[in-house]
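The values are calculated or read from the model by the stated rules, or taken from the named source; none is laboratory data. All figures in this text were calculated on a predicted structure; none of them were measured in a lab. Ideal geometry is used to build each Cβ from the backbone, glycine not excepted, and the neighbour counts take in all protein chains shown.
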Amino acid sequence: MNEKVYNSALALLRDFEGLRLSPYYCSANKRTIGYGHKILKNETNLLGTITKDEAEKLLRSDFDKVLLPIVDYFSRSAGRLADCEYCALALFAFNCGLSVVLDKLSSNIKTFMLLRASCSKNVLTERAKLFYRMRQYIHYHDKAGKVCESKGLKDRRDKEIRFFCGYL
């Protein structure tokens, strides 16, 4: 993984999630800390405040937990992607959930790879269309089960598309 691409993805996540050094409840009503880290039952040490360095370690660990399975999935089943494509999918999975993204990709992988193969690597608009089409298979729902269409979420998806296209 290219270090510049990886660090750019982390910077984008920092921007998306914001930093909170004390626990809070996220929009999904999960206890959270740092840069969007969901506090697990066995992480009682995170119920107080943490340092910025601790938040950074959690961010890297959490991002790797979504990135590495995506890289592994494509290397086993579909072929190599560009690092910016892996990271864009991981950014998306960080927000929507890894299992949601992998489930939808696995049921639509042939379509995804055919669309990708039809894209010229020099035509970034085609890569943006590909990512947009891939995202259409995955709907982001709010707690009431409705597709979420907030401006913040649309902005986040637009930035993920740009990242997928290599605009770091």
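For this structure, a couple of remarks:
- Lys57 vs. criteria among the charged types (D, E, K, R) and either touching a residue at least 60 places away in the same chain (Cβ under 8 Å) or touching a His at 6+ places or on another chain (Cβ under 8 Å) (or both): no
- Residue count, region 15-41 (criterion: touching a residue at least 60 places away in the same chain (Cβ under 8 Å) and either of a type in the set (A, V, I, L, M) or under 13 Å from Leu67 (Cβ atoms) (or both)): 1
- Candidate set from region 1-14 (those that are touching a residue at least 40 places away in the same chain (Cβ under 8 Å) and of a type outside the set (A, V, I, L, M)); member that is surrounded by the fewest Cβ atoms within 10 Å (Cβ to Cβ): Lys4
- Yes/no for Lys65 being within 16 Å of the chain's Cα centre (by Cα) and more than 18 Å from Cys87 (Cα to Cα): no
- In the set (1) more than 27 Å from Arg20 (Cβ to Cβ); (2) modelled with pLDDT of 95 or more, Arg80 fails one condition alone, (2).
- Annotation: Asn95 fulfils all but one of (1) at pLDDT below 95; (2) touching a His at 6+ places or on another chain (Cβ under 7 Å); the unmet one is (2).
- Residue satisfying all of: in region 68-108; more than 12 Å from the chain's Cα centre (by Cα), not basic (Lys, Arg) and not in a helix (DSSP H, G or I); surrounded by the fewest Cβ atoms within 10 Å (Cβ to Cβ) among these: Gly79
- Residue in region 35-55 that is buried (at least 19 other Cβ atoms within 10 Å of the Cβ), assigned to a helix (DSSP H, G or I), modelled with pLDDT of 90 or more and in contact with a Phe, Trp or Tyr (Cβ under 8 Å, 6 or more places away or on another chain) present: yes
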